[in-house]
Amino acid sequence: MAGSDHTFPHPPAGGDAGRSLLGRLNVIQGDITVQQVDAIVNAANSALKRGGGVDGAIHRAAGPDLQRELDTVGGCPTGECRISNAYRLPSKRLIHCVGPVWRGGGANEDKDLAGCYRSALELASQHGLATLAFPAISTGIYGFPPDRAARIAIDTVLAGLGDFPSIREIRFICFDTATADLYRDLLAEISKRRA
Ligand code: ADP
């Protein structure tokens, strides 16, 4: 497997509900396209047309049938997501989230980003997908501040996991060391607060 695996933190035996939710989160530095999970989450655009960044990598790895399927879907509003087959990727399905473009913070960006994570969990739960890998949605070409985005990602997923008990594992796939450190630091902070 590419990158380094870090489960954080390990669920404490007999720990309270909040701490066991944290035990379902992993931070992994590496490439999302090699993740062996039920659903790989994509950071897509609202037209669901092949783009750059993680979307480009996912299309490249999945093959041209992915775009053919997405063309039948016809697009997706910001803050929502759509499901597709995974084709040559190792997951069962793909979940395409449309993150907000950062416009300075006053254009519902936080709410739309949280909507991506929330709706992806909801869709995964509806389709019986128990393990998910998320990229850092909106933090590349869309320019969302990485620290703010990571807080929203973690907070929204932690809140959502309580509502969707069938989801066993969430992997936050960080492409670079700085992003992985950011997620690990935030999780350490939350874990300390809940201890
Ligand atoms: P957006 O348009 O939503 O900003 P990007 O794809 O430009 O999406 O970037 C989102 C995040 O995905 C960035 O942190 C970027 O470094 C990361 N990324 C790019 N390629 C990959 C990949 N193959 N696996 C995991 N993360 C990736």
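The values are calculated or read from the model by the stated rules, or taken from the named source; none is laboratory data. On a predicted model such as this, the values are computed, not experimentally measured, just so you know. Neighbour counts are summed over all protein chains in view; Cβ atoms, including those assigned to glycine, are modelled from backbone coordinates with ideal geometry.
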- Out of PHE175, PHE134, report the one residue that is over 11 Å from the mean Cα position of the chain (by Cα), within 16 Å of the ligand (Cβ to nearest atom) and either surrounded by 19 or more Cβ atoms within 10 Å (Cβ to Cβ) or farther than 16 Å from VAL37 by Cβ (or both). PHE175
- Query: What do you reckon, is LEU113 in contact (Cβ under 8 Å) with a residue 40 or more places away in the chain, away from the ligand (no atom under 16 Å from the Cβ) and buried (at least 18 other Cβ atoms within 10 Å of the Cβ)?
  - Reply: no
- Task: Collect the residues in the stretch 18-45 that are near the ligand (Cβ under 10 Å from one of its atoms) and part of a loop (DSSP other than H, G, I, E, B), keeping them in residue-number order.
- Result: GLY30, ASP31, GLN35, ASN45
- (1) more than 25 Å from SER166 (Cβ to Cβ); (2) away from the ligand (no atom under 16 Å from the Cβ); (3) at pLDDT 95 or above all hold for SER125 apart from (1)
- Answer residue from the stretch 57-77, given it is under 18 Å from the mean Cα position of the chain (by Cα) and assigned to a loop (DSSP other than H, G, I, E, B) and is surrounded by the fewest Cβ atoms within 10 Å (Cβ to Cβ) among those: PRO77
- Pairs under 8 Å by beta carbon, first residue at positive phi in the stretch 77-93, partner of a type in the set (D, E, K, R) and crowded, with 19+ Cβ neighbours inside 10 Å, six or more apart or different chains? GLY79/ASP112
